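Okay, so here's the structure we're looking at.
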Amino acid sequence: MKQTMMAKPDTSGLVSGSSTVKVSLYGRLNPAIRYAATESMSSIQALDNSHSSSRFGIRAAGAVNKNTTASALIEVGVNGPNRPGSGFDISGSGPAIGLRIAQASIGNTDMGTVTIGHGWRAGSGGFGANFVGTGHVFGIWGPGGDGIAATMDGEEAGNGVRHGAGPISAFGAREARIQYNTPSLMGVGLEGSYNQDKGWSAGASFSGFPNMKEVSIALNAAYHSNGENGESKGFGVSGSLRHNASGMIATGMYGKQDDNTAWMIEGGWTGKVNDAGPTSLTVGYGRWGDGVSESTRYHFAINQAIASAGTSVYFGVSYDTGDATVPAVTAVAPSIVAVADPTAAFPGREMMTRYTIATPADTATVDDDAVLMPEDGATITLAADHTNIGADETPVLDAADTPAAVTALPDGYQSLKYNAGTDAAPATATERDGVITIIAGVLIRF
């Protein structure tokens, strides 16, 4: 029997089960330490900086012909306690492993690329035009991306309101879709996708003219409609300009999704300070709102790349403040409604009736006499005697009082339910405590 020699393993990457398909492994790990504080409380936490979360993936690609490639991508997120979900207490946000991407693509250099499966939908880069080297420290997600419950001025820590407002989730979302990306033409690329739940998205990008050397330009725009009837709609635009000789960078972003709005500007610099790799500095300012509350954030970030190890070490400080508005409340009158009980026959009644209160609660005054009122949501049964008020019984109030009189109880109903109603209240805006966040971490790419 002839002995077959085994092929030498490819030590430059993974060994594919098919000799015609190239497989590679990639990933990143992004642990961080965060200190967060308001006037009322503070916390130090070790967590996964999910502005650029830890993950690993496998790519596979094979050539159909010299211009066409078929590829597959599977990516899994590996998060410890995540940054947005941690707040001041990370006890309920343990490690989690979840699918991020599972898709197949076929791309042609002249015709573009078609992708099907679970992954980034078209326009996910609506906020992605950014040359600053600190995007993994603070992002367009704003103060809400930290998940801290900021307390109202002067109140105890338990009376927290959300840290931030107006999250923009239309961009950066992953879901099942079929997508088409055009080839780049003079730096312009277009993309569109039909998404799960009958939604659709579109995006456009411009990466600058080929012969432009002194300045680098990036422009992105995106639009998203979610659901068959466009239940949620949003758009986002971003632009970044870098002067290549000096390393100075300016960036701006704006987005709107339903009632949520977000905008942010950043100025930065990237250059050589040491031999390890590029050093990046960024300062930024942004505002976020949802029609009810608003937040304003100032931030500073520094990132030092260590090129030989595929590693970045970073540090950032942010401060945000804003208001938390309690929406207006429309008055709802107290009422008594019939509750169905198909097992019990109860004759219809055409009269003012009395009912029994199982658990006395608040009292109300009828004709200057204090009477017992049931608790909100309590079930009450009709009194057996309609001529005399028995123990723990009170008459149903007439139309001049509340709740309105009950004069009829349909057949097949045996009990009533009391709805206490609500008083009207105007919308009120209250300044909340400012939140300071300090974060330091290491981002390792492989």
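Observations
- Inspection of region 256-265 identifies no residue that is open to solvent by less than 20 Å² (accessible area, probe 1.4 Å), farther than 26 Å from residue 175 by Cβ and at pLDDT 95 or above.
- Here residue 193 fulfils each of the conditions (1) among the hydroxyl-bearing types (Ser, Thr, Tyr); (2) under 25 Å from residue 86 (Cα atoms); (3) modelled with pLDDT of 85 or more apart from (2).
- Of the residues making up region 271-293, those that are β-branched (Val, Ile, Thr) and open to solvent by 60 Å² or more (accessible area, probe 1.4 Å) number 2.
- Within region 294-310, the residues that satisfy the criterion of being open to solvent by 20 Å² or more (accessible area, probe 1.4 Å), modelled with pLDDT under 95 and assigned to a strand (DSSP E or B) are 294, 298.
- Residue that is least open to solvent (accessible area, probe 1.4 Å) [pool: residues in region 174-195 that are assigned to a strand (DSSP E or B) and within 13 Å of residue 220 (Cβ to Cβ)]: 189
- Only one entry of 246, 205 meets the criterion of being part of a loop (DSSP other than H, G, I, E, B), modelled with pLDDT of 85 or more and open to solvent by 40 Å² or more (accessible area, probe 1.4 Å), and that entry is 246.
- Residues satisfying the stated conditions in region 41-58, i.e. open to solvent by 50 Å² or more (accessible area, probe 1.4 Å) and either at pLDDT below 85 or polar (S, T, N, Q) (or both): 41, 42
- Complete set of residues in region 59-69 that are touching a Gly at 6+ places or on another chain (Cβ under 9 Å) and open to solvent by less than 40 Å² (accessible area, probe 1.4 Å): 68
- Matching residues, region 216-243, being in a strand (DSSP E or B), more than 19 Å from residue 203 (Cα to Cα) and either without any contact (Cβ under 8 Å) to a residue 60 or more places away in the chain or open to solvent by 60 Å² or more (accessible area, probe 1.4 Å) (or both): 241, 242, 243
- Residues located in region 106-141, provided they are open to solvent by 40 Å² or more (accessible area, probe 1.4 Å) and among the hydrophobic types (A, V, I, L, M, F, W, C): 106, 111, 114, 116, 120, 131, 141
The values are calculated or read from the model by the stated rules, or taken from the named source; none is laboratory data. Given the structure is predicted, the values throughout are model-derived calculations rather than measurements. Methodologically, a virtual Cβ is constructed for each residue, glycine included, from the backbone with ideal geometry; neighbour enumeration extends over all protein chains shown. Surface areas here come from the heavy atoms of the whole protein model, side chains and all, with no ligands, DNA or RNA. Shrake-Rupley method; radii C 1.70, N 1.55, O 1.52, S 1.80 Å.
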